[in-house]
Each structure stands twice: as C-alpha cells, then as structure tokens.
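All remarks here apply to the structure that follows.
The values are calculated or read from the model by the stated rules, or taken from the named source; none is laboratory data. Fair warning: this is a prediction, and the values are worked out from it, not measured in the lab. Virtual Cβ from ideal backbone geometry, glycine too; neighbours counted across all protein chains shown. Ligands, DNA and RNA are stripped out before the accessible areas are found, and what is left, the full protein with its side chains, is counted by its heavy atoms. Shrake-Rupley method; radii C 1.70, N 1.55, O 1.52, S 1.80 Å.
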Protein chains: 2
Amino acid sequence: VADLDQPTWRPASVGLVGGGVIGGGWAARLVLNGIDVRIHDPAPDSARRVEELLAGARRAFASLTASPLPPEGSLRFCDSIEEAVGGVDFVQESVPERLELKRELLVTISLHTCDDAPIASSTSGLRPTDLQAAMRLPERLLVGHPFNPVYLIPLVELCAGERTAPAFLDRAAGLYRAIGMHPLRVRREIDGFLADRLLEALWREALWLVHDGIATVSELDDAIRYGAGLRWAFMGTFLTYRIAGGELGMRHFLAQFGPALALPWTKLSEVPELTDEFIDELVAQSDEQAAGRSVAELERLRDACLVSLLQGLRSNGVGAGATLASWERGLMAPVAGTAPDAEPVPAPLQLVVREIPPGWMDYNGHMTESRYLDLFSEATDGLLRWLGVTGDYLARGRSYFTVETHLSHLAQLFAQDRVKVSTQLLGHDRKRLHVFHVISRSREGGDGDQVVATAEQVMIHVDIAARSSTPADPQVLARVASLAQAHAALPHPERAGRRISLS
Amino acid sequence: VADLDQPTWRPASVGLVGGGVIGGGWAARLVLNGIDVRIHDPAPDSARRVEELLAGARRAFASLTASPLPPEGSLRFCDSIEEAVGGVDFVQESVPERLELKRELLVTISLHTCDDAPIASSTSGLRPTDLQAAMRLPERLLVGHPFNPVYLIPLVELCAGERTAPAFLDRAAGLYRAIGMHPLRVRREIDGFLADRLLEALWREALWLVHDGIATVSELDDAIRYGAGLRWAFMGTFLTYRIAGGELGMRHFLAQFGPALALPWTKLSEVPELTDEFIDELVAQSDEQAAGRSVAELERLRDACLVSLLQGLRSNGVGAGATLASWERGLMAPVAGTAPDAEPVPAPLQLVVREIPPGWMDYNGHMTESRYLDLFSEATDGLLRWLGVTGDYLARGRSYFTVETHLSHLAQLFAQDRVKVSTQLLGHDRKRLHVFHVISRSREGGDGDQVVATAEQVMIHVDIAARSSTPADPQVLARVASLAQAHAALPHPERAGRRISLS
C-alpha cells in the first residue's frame, strides 16, 4: 500500500524537546514541510547546530525534488520545555537515551501540552510502557523512532505502550506520512524494537572483528557497502535470500544455507568490553577511515548519496523511492500561503522568490543554462497550482506539459543572487496556455530590479494515460479565463514572439 | 585508491565449475566483459538457467553503462570438469557449500588445469587452507567470494590459505578488477570471512524475531530497506556511526550508544532450530511477501534498482559507484573517441550518446524540462570542444555564452531511455554561432530513431574578464568556417526559425 493512500495529518505546530542530531533532524524535516516548530535544548550551542542541520537539509531538499516545497515553517528556540510544548499539536522528544531522564522530561511535557496532542519519543530502544508510567494522560505517549539523517531517511518505527490509545498512534502515523516518512508499526513491544535489534546484531559482530584484529573498520564498511548494503537499500534480508534460492525460492535457500547458521561464524555469547584501549583503537581506525574529512563533509557526501539513491528507487517505484513519490504528489496539493484561490489582479503573478544556490554554477563561473529553465519551471508549477492543477487533479492523470519554450539571456546570474520570477498569461484556449516569464535579480539596496532572462512558453493539457492532449477541466478553464481577463490590459512583452536569427 | 589505478589482468578464457545462481552469475559477468567461458554443471537444466541469467545480465548492462561494451565472449557448456578447465587461464569453482564435495572437485580441477592458472573458490565461508589440502599445486587455490547477482554486485572477498602463493592472489584481484569488481582482501583466514559474519549476525537475529512471532519477514525487510539499508549502500556501519556521533564523531557515539550493547536486545546465545514447522512458517511468510511475483520478476526489479543505485553512487564518486566509473573508463580506453581533430563531414555532429538517469524524472513521471536543456548544453559543450574551446582557451577567460534558445518538445523521455543529440551549424559570424540540436531516442530493436525534442540556439563569444562580447580567436574561427562549409549543404531544419504563437 502506497504511503499516500493512507491517512495523513498536517499539524500547524510541533514542539521538540532535545535538539541534537535527532531533534535537529526532526526540526529540519518539519520546517521544510511547512510546519512551525518550537524547540528546547539546554545545550548552549544547540541553536547553531540546529541551524546548520537545517541548512544541510535545505541543500538536500533542493536536489531531492523538483516538486514545489511549501513555504518554510518557522523555527523558534525556547528557553523552557513549557514554552516549547505549550499549545502545540504534537510533541517529539529526542533527549539522550537514559530512561530516568526521559521519564522525568516526559512527565514535564505531559503537564504542559494539550490533552489531545500526541507525545512521541525518539528512543531507539526503551519501552513506551516504561516511559509513560508516570505521565499525565499517558495514553498520548508512543514511540516514533527515526533514523539519522531524520530529514532524508523515511523509516520511523511506531510502538505503543500498554496504556497508549490507538488514536494517538494513528495521528502520529498520519503526521509522519505527511512529511514524507514511512511509519512501520512494531506490533509487539520489545526492547530495541525491530531495526535496532538487527543493527545491533551486525554492529556487535563488527566490533568483535575489530577487537580480535581480523579487520579494520574501513575493511568492514567495505564488506557491506560494496556488497549486501547495495541490496539492503531496497530489499531486506529475506527477499534477497528468496531470490538467492533461485527458482525454488526460500525453501531452497534454507536447505542450502540454513546449516551454516549452526557453524561458529559469529561470536554469540559475549559482548566485547569497551575498554579505554579498545575505544582508542576504534577511534584511531575511524579517524584513518575519515581521512581528514570533517563530519560536516561526510554529512554532505552522505546526503548527496541518499538523494541519488532515493531518486533511483523512485524511478523503480520501490521502497523508500515509493515513499518519496507519495510525498511529492502530496506537495502538489494546494498549500496555504500561495493563495491559489485569490482573485487575479492586473499584474503578472509573482510565484517564485529565491536565492541561487552555489551548486548551480558551471565551469564559466555563472549559473548554468538549464537552471534558468528550472526557475521558469518552478514558476510554471506555481501557475498550475494557482489554476487548480494540484494533487487530486494530477492523481487523475491530468496535467499540462510544456511543448515549446523560447529563452532569452540578458545578463548572468551568480551564486547567492536573489531572484524572482513573474508570470504573465498571453493567451489560452481549452487545451493550451501561452505564458511569458521574467527572471529579475533584486539589486542591493532595493534599487529596482534587473531583468536577467525571459521565457515564452506554450503548455498543452494532457490525459497522461491516453498519452494525448485533451481540454482542461471546467474549473481549471474558469480560473484560466479569470486570469486572462485580469492580464488582458497588460502590455505585450517586447521579447514575446521572437524568432532566432543572426541578421 | 580507485580500482582502476591498481593492476588489472584480462585472461582470454575462464573455466567455471558449477552453474547455479553464482556460477551462472560469473558466466554472465565474464562473457559480457568479452572473456570466453567454459562451464560445467551436471544438472540437466543448468544450460537453460545460465542462458537466462546471461539474458538478465545483458538487459542490466544495457542500462548500466553508456560506455561501449567489448564483443561478448563465447559461452561453452562442457560435459566434464576436464573439458571445462583444460587449457583455460583461470578457474572459478561455485559448487554447493559442502566441504567434502568442494575438496574432491578441487582435486579434479587441480589435476586438469594449467600449472599457472589461479583456481578460485566461490565458497561463502569455508577456509581455503581446508580446501587446498589435497590439491596438486595447492598454491594456486584462493577464495574469491562474490555476492548475488554476481554480474552487478562489485564485492568479491579474497582470502588466501596457508599454502596460497601471493602471485595467484594478485592475479585473481587483477581479473576481478578488470571485470568491474572490487576485491577486498581478508587478511586473516577465518570461517565466514568478513561479509557473511556480518550478514549472518543480522539474519540470525531476524530469524529469531520471526520465530518468536515479534514481526513478519516483510516487516523486518521494511525495517532495513526504509532505514539503515539506504545508508549501508554507500557507507558501512562504522562511518555511519561516526556521523551519528555528530561533531564529536566516533568517541561520542561510543559513549552514547556503547552501553546499549550490553542491553539484552539480541538473542546471543542460541540458534533457532530450523524445524519443519519453522521452515513452513518462513516459507509461507516469504510467499506472502512475494505477493505472486516470480523470482524472475523479483530479479528484474532487483537489477533495475541496483543499476539505479550504482549510477546514483557513480555521480557522487562513492563506493560501488566509483568502481563502476573505473570500469567504464577502462571500457573507453581502447575505443576511438569523438575525434575532436577530425575533418568535418556533411552530416550533423553526433556529440552526445547517453542514458537518461532516474533522478531526472519529475512528478509527472517523465523527464523534467530543464534536463532537456542539460542534454542540449552537453551537445553545445561537445561542439565547443570540437571547435577548440577547451581547457587552455577557457583558462584565458574566453568562452561562448548562450544568449537565446528555442525549445520544442515532440515526445516525452523516461528513465533509462537511450538518447543521442545531433548538432547542425546553421550560421556564424566572428562572434556568434547559430546551431540546431536534435534529441532522438533509440528505439528497441534498432528500428530507426524517434525525434524527441529540438533546440535552436545562438551563442556569443565573450571575454569573461571584460564582461563583453569579442570575436573568437583565429584558430577557433577556422574550425567554425570548416564546419560551416561541411554543413552548408544540409537541409534547413523544419523547426528552425519558429516563433511561438497559439494561432
């Protein structure tokens, strides 16, 4: 079942308690999904770290999707738990993994937040029954266990405690889906839930192999990432083994490789002690593996890889890629703030305002030409949403495709330029839209804007399944007509109707 | 160190003993890399299964790389081991995982193959010292443990026995690199080597969770593929945890999560017994998870996902993607390039041939419009290189900038479509180039090409420092004139000189 086919829920505001790698990751995912966030963390540098995480997530999202992101939610740093959780619709706790600390803070949260707000703990292994014991209205508490980086990894494990009310679990699942995640229900409450049991088993064995001097951390990572790790990105261990069994499937695989389970391949009965010497050895090997790259650099590399993987899986409609596709279709739903229902005024629409990212430069040091078309596409998407071509409409297989574009470049753009795109409707019929976009750069000091590039475009309305053009639906045509009327009095752009010629 | 920077070795012929999922996978990888293969397997349907594996591998390779593959090697099915291994340069044994069987067949192999041919065993866990004990010239024996599907997964674990000569290990590593794999040396001989120790630890825990009724095989696979599995595709567990430690890295992570290792999260001390009832349960759950999809269908899905992941990682230069890039550079080496010094002929230049990557799709499921301009830019860059606007010229601050573009979209493009771009020079003067590009999709079966989009463009020559247009250098103008002369007789493209209009 696709994530989008299940209920989603978009709260207006979320309160976060704890702003480390996990809490900051939640903040980034929520804010970029247009949800207001309040966050409390007593660490003095917490705000800086959260802002850095958000900047990294923003960069990743810019590559992740071509769908229009909603206007960012606000991010407020709060001095107390009370301020962070009072009046919000949902609370997510992500403090260090100590039962007594979590229990104490969850009691405080339970006293100060709304009676109908779900309270989720990011714990990676503590039981919700133990966490909720002393809370006011403990039925609100559930585990929502995410994975790092929270803003890109879709998995979140949901686990109820003995006193959790199912309605709160459902609400949490709806929120997680709305922000592009894949909630996985852990049906029986156990320490470590599902994922960390598997991860711990693997990590424990890996630690022994380092401890015994068999292999380095780098060799062990290579043993995963060049091999089984590639498969684990889209199939887990069981489906992989089914295939490895050949045409006879799982039964054959068990017959062939089951006996090896009994071989003494893994260290079963002991846990390697984390002595100072062993920790020093692990840290030294880890430093060598990192080869001077900072954690920030590694995070950028990790995010770039995750973006590529998610996009690759999206094109195959599999696993985390299907979750991404669901979320993107959701993004096409009308979002408050862009005012798609507003009455048109006799001025070009202003649908895009943004900053040019550094990654858009080419070997000439200026913005590469295809990124101009990205900006114009963003404006076209904004226009389509304004006309009512949104999630539901697209889900019925109806959309506008671009058939012709004429670009003129009048100046160059550079990293961190602030630009806006204005859009004028030049003509229309039942199937087609004829538009003219202008990219302008905001000059410093607000001294007027400079026109940088223009695009004249024709879009045609299509029935995607039939692979043919077809008139738009009446409610869209009505919006088109009303915009056309408002734009009728605008001057015809000087560069519209150009043909290319050297003479 | 990139795989390509290390020595490679291309034998003319390889003998394979065992033609199941692993042996057939070896056959496919070798044949598609232009190496002749002889294979022996007593199973009556072995030839059919190997041919099917080869067909699947061929399909995967067609999407995997745009680099020119060598002519396929031959594939000969042999009635005996003697025939399969006599006179070949390298032997790979992939028979079932039983020590006595492998020892016996390896003795036979050792008696009939050349004295200087390395003999590799695909065993996933048996020690090479035990395997080589009774062989003639046992120094030739090593473990080369691959992963399924062998033709796409780059990892191969190399392990020497006590009597293995290093030269044979080096030769095997060279072969594996030459056919696009990443050999990982297991420095200390242990049962299960490195990868399977880690995989077994995870799988054993997963089996317990099913056995105890905590979760189904499908839920456990989801716990991996929506979460940690995505990270494991490019970073193993240690580098991932270093990042999870935040700015303080591995030491902080160990301090925070090390204690959890001592929690009773995993079943350490026992192995679940594979009773008939438990096997039935596993098989039933696996059937449900497969939801009627045959292993062949799952294999196609798996291969498509792996291809996307490898390409995604290639664009980030990481792990298995770097291995792919190395292999592709190797493929380009002996092949004539686009010959930038060639004399122009009276036909459009063919400067771009490539496959459409999955990341280029948008919410309509087809290639997003700015990527058309990326393809046209690639063709323009090719044209500029052809004209001599290369590194040195650019370094002097001279280049061509695009000033105007007219795009027409005639069909859609989808992930993994194979396209080429042709480029015709329509006009020029001392400062300007007027060109017409056409993107065509190659149809399956070579049944002509379909025109997908066109671009008419004007580029102007600039002095970047002076921020002004300026005539191109004489040697560039000479190349332009010679190309213009060759293209003068070409028909004027129908869509050149269009202006946009709804009428």
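The number of residues in the stretch A:208-245 that are in contact with a Pro (Cβ under 6 Å, 6 or more places away or on another chain) and facing chain B (nearest Cβ under 7 Å) comes to 1.
Let's see how each residue does on (1) open to solvent by 50 Å² or more (accessible area, probe 1.4 Å); (2) touching a residue at least 24 places away in the same chain (Cβ under 8 Å); (3) in a strand (DSSP E or B):
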position	(1), (2), (3)
B:15	no, yes, yes
B:25	no, yes, no
B:29	no, yes, no
B:37	no, yes, yes
B:57	no, yes, no
B:84	no, yes, no
B:104	yes, no, no
B:114	no, yes, no
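None of B:435, B:452, B:403 is open to solvent by 40 Å² or more (accessible area, probe 1.4 Å) and among the β-branched types (Val, Ile, Thr) except B:403.
Residue A:375 meets all of the listed conditions (1) farther than 30 Å from residue B:381 by Cα; (2) modelled with pLDDT of 85 or more; (3) of a type outside the set (D, E, K, R); (4) open to solvent by less than 10 Å² (accessible area, probe 1.4 Å) but one, namely (1). Condition test on residue B:34, is it closer than 26 Å to residue B:105 by Cβ and not charged (D, E, K, R)? No; evaluated as a whole, the condition is false for this residue.
Only one of the listed residues (A:308, A:326, A:315, A:286) is at pLDDT below 80 and facing chain B (nearest Cβ under 7 Å). That residue is A:315.
Remark: pairs (first residue in the stretch A:402-414, over 17 Å from residue A:378 (Cα atoms); second residue outside any strand (DSSP E or B) and of a type in the set (Val, Ile, Thr); Cβ separation under 8 Å; 6+ apart in sequence or on different chains) = A:414/A:356. Within the stretch A:120-137, being among the polar types (S, T, N, Q), outside any helix (DSSP H, G or I) and modelled with pLDDT of 95 or more holds for A:121, A:122, A:123. Within the bounds of the stretch A:384-398, is there any residue that is under 18 Å from residue B:377 (Cα atoms) and without any contact (Cβ under 8 Å) to a residue 60 or more places away in the chain? There is no residue in the stretch A:384-398 that is under 18 Å from residue B:377 (Cα atoms) and without any contact (Cβ under 8 Å) to a residue 60 or more places away in the chain.
Selection of the stretch B:129-147 for residues being touching a residue at least 40 places away in the same chain (Cβ under 8 Å) and surrounded by 24 or more Cβ atoms within 10 Å (Cβ to Cβ) yields B:143, B:144, B:145, B:146, B:147. When residues of the stretch B:188-207 are filtered for being more than 7 Å from every other protein chain (Cβ to nearest Cβ) and closer than 16 Å to residue B:159 by Cβ, how many remain? Summing the residues that are more than 7 Å from every other protein chain (Cβ to nearest Cβ) and closer than 16 Å to residue B:159 by Cβ in the stretch B:188-207 gives 2. Only one of the numbered conditions (1) within 14 Å of chain A (Cβ to nearest Cβ); (2) surrounded by 14 or more Cβ atoms within 10 Å (Cβ to Cβ); (3) among the hydroxyl-bearing types (Ser, Thr, Tyr) is not met by residue B:503, and that is (2).
When every residue of the stretch A:138-149 is checked against the conditions, at least one turns out to be in contact with a Pro (Cβ under 7 Å, 6 or more places away or on another chain) and either β-branched (Val, Ile, Thr) or at pLDDT below 95 (or both).
Does the stretch B:194-215 contain any residue that is open to solvent by less than 10 Å² (accessible area, probe 1.4 Å) and in contact with a strand residue (DSSP E or B) (Cβ under 8 Å, 6 or more places away or on another chain)? Taking every residue of the stretch B:194-215 in turn, at least one turns out to be open to solvent by less than 10 Å² (accessible area, probe 1.4 Å) and in contact with a strand residue (DSSP E or B) (Cβ under 8 Å, 6 or more places away or on another chain).
Filter the stretch A:258-279 down to the residues that are open to solvent by 80 Å² or more (accessible area, probe 1.4 Å) and modelled with pLDDT of 65 or more, then identify the one that is nearest to residue B:246 (Cα to Cα). Once the filter is applied, the top-ranked residue is A:276. Which members of the stretch A:357-388 meet the condition of being within 8 Å of another protein chain (Cβ to nearest Cβ) and polar (S, T, N, Q)? Correct list: A:364, A:368, A:370, A:377. Return yes or no: is residue A:156 open to solvent by less than 20 Å² (accessible area, probe 1.4 Å), of a type in the set (Val, Ile, Thr) and free of Cβ contacts under 8 Å to residues at least 40 places away in the same chain? Yes. With the structure loaded, tell me whether residue A:50 is without any contact (Cβ under 8 Å) to a residue 40 or more places away in the chain, among the aliphatic types (A, V, I, L, M) and either within 28 Å of residue A:385 (Cβ to Cβ) or assigned to a loop (DSSP other than H, G, I, E, B) (or both) or whether it fails that test. So residue A:50 fails the test. Of a type in the set (D, E, K, R) and at pLDDT below 80 - does that describe any residue in the stretch B:232-244? Within the stretch B:232-244, not a single residue is of a type in the set (D, E, K, R) and at pLDDT below 80. State which residue is least open to solvent (accessible area, probe 1.4 Å) when the search covers only the stretch B:413-430 and only residues that are at the interface with another protein chain (Cβ under 10 Å from one of its Cβ atoms) and at pLDDT 95 or above. Filtering first and then ranking leaves B:427. Taking the conditions exactly as written (β-branched (Val, Ile, Thr), modelled with pLDDT under 95 and surrounded by fewer than 21 Cβ atoms within 10 Å (Cβ to Cβ)), does residue B:380 satisfy them or not? Considered against the rule, which asks whether it is β-branched (Val, Ile, Thr), modelled with pLDDT under 95 and surrounded by fewer than 21 Cβ atoms within 10 Å (Cβ to Cβ), residue B:380 comes out as no.
Every test in (1) over 30 Å from residue B:494 (Cα atoms); (2) within 13 Å of chain B (Cβ to nearest Cβ); (3) surrounded by fewer than 18 Cβ atoms within 10 Å (Cβ to Cβ) is passed by residue A:464 save one, and that test is (1).
Quick check on the stretch A:434-449. Is at least one of its residues over 18 Å from residue A:373 (Cβ atoms) and modelled with pLDDT of 90 or more? Checking the stretch A:434-449: not a single residue is over 18 Å from residue A:373 (Cβ atoms) and modelled with pLDDT of 90 or more. Does residue B:186 satisfy the criteria of being among the β-branched types (Val, Ile, Thr), in contact with a helix residue (DSSP H, G or I) (Cβ under 7 Å, 6 or more places away or on another chain) and under 30 Å from residue A:243 (Cα atoms)? No.
One residue alone among A:452, A:419, A:438 is closer than 24 Å to residue B:454 by Cα, in contact (Cβ under 8 Å) with a residue 12 or more places away in the chain and under 30 Å from the mean Cα position of the chain (by Cα), and that residue is A:438.
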